[in-house]
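Written below as structure tokens is the structure these notes are about.
The values are calculated or read from the model by the stated rules, or taken from the named source; none is laboratory data. The structure presented is a predicted model; accordingly, all values stated were derived computationally and were not measured. Backbone-built Cβ (ideal geometry, glycine too); neighbour counts: all protein chains shown.
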Amino acid sequence: MSVVTDEFVQLSENQKLVRNSIQDICDNFDHEYWRERSAAGEYPTEFVDTLSEQGWMGALIPEEYGGAGMATTETVVMMEEIAASGGGFSAAQAIHGGIYNSVPLVKYGSEEQKERLLPDIAAGDTSIQAFCLTEPNSGSDSTSIETRAEREGGEWVISGQKIWTSRLDVSDYAIVVARTTPKEEVEKKTQGISMFLVNVADAVEQGGLEYDQIDKTASDFVHSYSVYFDDLRIPGENILGEKGDGFYQVLDGLNEERLVIAAECLGLGRLAIDRGVQYANEREVFDRPIGKNQAVQHPLADVYARLQSAKQMTYNAAEQGEDATDLGALANMSKYLASDAAFEAADAAVQTHGGFGIAREYDVERYFREARLTRLVPITQQLVLNYVSEKVLGLPRSY
Ligand SMILES: Cc1cc2nc3c(=O)[nH]c(=O)nc-3n(C[C@H](O)[C@H](O)[C@H](O)COP(=O)(O)OP(=O)(O)OC[C@H]3O[C@@H](n4cnc5c(N)ncnc54)[C@H](O)[C@@H]3O)c2cc1C
């Protein structure tokens, strides 16, 4: 039960409906549930199944294909509440791909692909949880990807390596981004990249796909993988959208998704402050609650103000959507501010807990590790500042 009020953004009736429905679901998954998933490194299958059964995986799928046809204004509420409920950033990440990877299919899929897959995704019977973009030699610079897809007869043959692909173990299909025209042969390095839909089980059975789990220290129950494509053959029709336009397709919709990531950070920050306040009220040292000390109060109050400020920007940007003068700037800055606020909130919660701040039973150490991660993914804080420097302040491009 949350002790911290969070009523400074006026929600629409639809947003309230989403918030209440998500809270009802999340009430069944308490702190102990998330602590156990974290300790065991186990994907929260029951939680994801419950959301799937109630149609939430089809949040962004149009109603004509059986989805909920939700807007960004509602998705921010959904994902913030999931994170704030106790699951943190990782609980939101456990389903984030499943929801967002249907977007390229909705926007660029052929009618046949859409009719075949979207109703099943919306019903929770199939999933596209994995998105394979990042590679060992091309992190933030995604146009430098080296994975190749060559046309051979009626098939595409994919070879190369990806890294940090999350949720591949729980994904029926993966979206794979690969070069179809070498960098040297295109005018701009953003050209010549394409998107493919890969059936994971078929690819593994064929021997064209292998993956190894990365041993990492945050997001305990959502696993990420090093992925190897070795002459993987997929049907010619599994290209998604136009050949060569894949990079632009990746960018399309990215701003809205970034706002939702910001909302996930906001939820994590709210959760951390909530746990800090609860502990500050309960814990007595020198015969009084530690929360009576302003040195304990101020870090929590300070970051609460910062979190609310990030929330105003995130929700306002979601409301403006495509009408915004520069949605890219707003989305990037929202993510930047929300990540930092989540990090400061988690740090304040750990400090408030004293030694117990690093005891797993109080959960705040997990929030802290997750909050640190939000400064790295899906885009690092520096890359956001590059965007603001160049696109908003008009400073010279550095690469
Ligand atoms: C837990 C986790 C899950 C992930 N899931 C996925 C996924 O599902 N699919 C996927 O495709 N990817 C995924 N990623 C990858 C993620 O998107 C990248 O880690 C992120 O984009 C940063 O790339 P990098 O790690 O290669 O860092 P690099 O690009 O190597 O950068 C290293 C450091 O240098 C800085 N830097 C580099 N260039 C500049 C510059 N020009 N100016 C200023 N600073 C610079 C960066 O900000 C960073 O601090 C995941 C990563 C993690 C950690």
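Restricting the search to the stretch 147-167, which residues are more than 9 Å from the ligand (Cβ to nearest atom) and closer than 30 Å to VAL48 by Cα? Steps first, answer last, please.
Residues of the stretch 147-167 that are more than 9 Å from the ligand (Cβ to nearest atom), as a first pass: 147-161.
Result: GLN161, single match.
In this structure, is ASP6 in a loop (DSSP other than H, G, I, E, B) and either under 21 Å from the mean Cα position of the chain (by Cα) or farther than 25 Å from GLN213 by Cα (or both)? So ASP6 passes the test. In the condition set (1) buried (at least 24 other Cβ atoms within 10 Å of the Cβ); (2) within 13 Å of the ligand (Cβ to nearest atom); (3) over 14 Å from VAL250 (Cα atoms); (4) over 15 Å from the mean Cα position of the chain (by Cα), VAL177 is compliant with all but (3). Scanning the stretch 145-160 for residues that are within 21 Å of SER224 (Cα to Cα) and small (Gly, Ala, Ser) gives SER159, GLY160.
Kindly check whether there is at least one residue in the stretch 294-315 that is part of a helix (DSSP H, G or I), free of Cβ contacts under 8 Å to residues at least 12 places away in the same chain and of a type in the set (Val, Ile, Thr). Walk me through how you get there before you give the answer.
Within the stretch 294-315, the first condition is being part of a helix (DSSP H, G or I), and the residues that meet it are 294-315.
Keeping just the survivors that are free of Cβ contacts under 8 Å to residues at least 12 places away in the same chain gives 294-295, 298, 301, 305.
Next cut, of a type in the set (Val, Ile, Thr) only: none.
Looking for residues that are part of a helix (DSSP H, G or I), free of Cβ contacts under 8 Å to residues at least 12 places away in the same chain and of a type in the set (Val, Ile, Thr), one finds none in the stretch 294-315, hence no.
If you go through the stretch 385-399 and keep only what is more than 9 Å from the ligand (Cβ to nearest atom) and in contact (Cβ under 8 Å) with a residue 12 or more places away in the chain, you end up with TYR387, VAL388, LYS391, VAL392.
Here is a yes/no grid of residues against (1) surrounded by 20 or more Cβ atoms within 10 Å (Cβ to Cβ); (2) away from the ligand (no atom under 16 Å from the Cβ):
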site	(1), (2)
THR45	no, yes
GLN54	no, yes
GLU64	no, yes
GLU74	yes, yes
GLU112	no, yes
LEU118	yes, yes
ALA123	no, yes
ASP141	no, no
ILE145	yes, no
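Exactly one residue among SER339, SER309 is in the same structural domain as LEU259 (by TED's automatic domain parsing) and buried (at least 24 other Cβ atoms within 10 Å of the Cβ), and that residue is SER339. Residue count for the stretch 203-251 under the criterion of being more than 16 Å from the ligand (Cβ to nearest atom) and either under 15 Å from ALA130 (Cα atoms) or modelled with pLDDT under 95 (or both): the result is 3.
Are any residues in the stretch 125-139 more than 16 Å from the ligand (Cβ to nearest atom) and either more than 20 Å from the chain's Cα centre (by Cα) or at pLDDT below 95 (or both), and if so, which ones? Spell out how you get there, then give the answer.
Initial filter on the stretch 125-139 (more than 16 Å from the ligand (Cβ to nearest atom)): 125-126.
The answer is ASP125, and nothing else.
Of the numbered criteria (1) part of a helix (DSSP H, G or I); (2) closer than 14 Å to CYS265 by Cβ, the one GLU319 fails is (2). Within the stretch 1-56, the residues that satisfy the criterion of being farther than 18 Å from LYS311 by Cα and of a type in the set (D, E, K, R) are GLU13, ASP24, ASP27, ASP30, GLU32, ARG35, GLU36, ARG37, GLU42, GLU46, ASP49, GLU53.
Residue-level check: of (1) in contact with a helix residue (DSSP H, G or I) (Cβ under 7 Å, 6 or more places away or on another chain); (2) among the β-branched types (Val, Ile, Thr); (3) within 19 Å of ALA218 (Cβ to Cβ), THR352 misses just (3).
Scan the stretch 367-377 residue by residue and report those that are near the ligand (Cβ under 7 Å from one of its atoms) and either surrounded by fewer than 17 Cβ atoms within 10 Å (Cβ to Cβ) or under 18 Å from SER85 (Cβ atoms) (or both). Matches in the stretch 367-377: LEU376 only.
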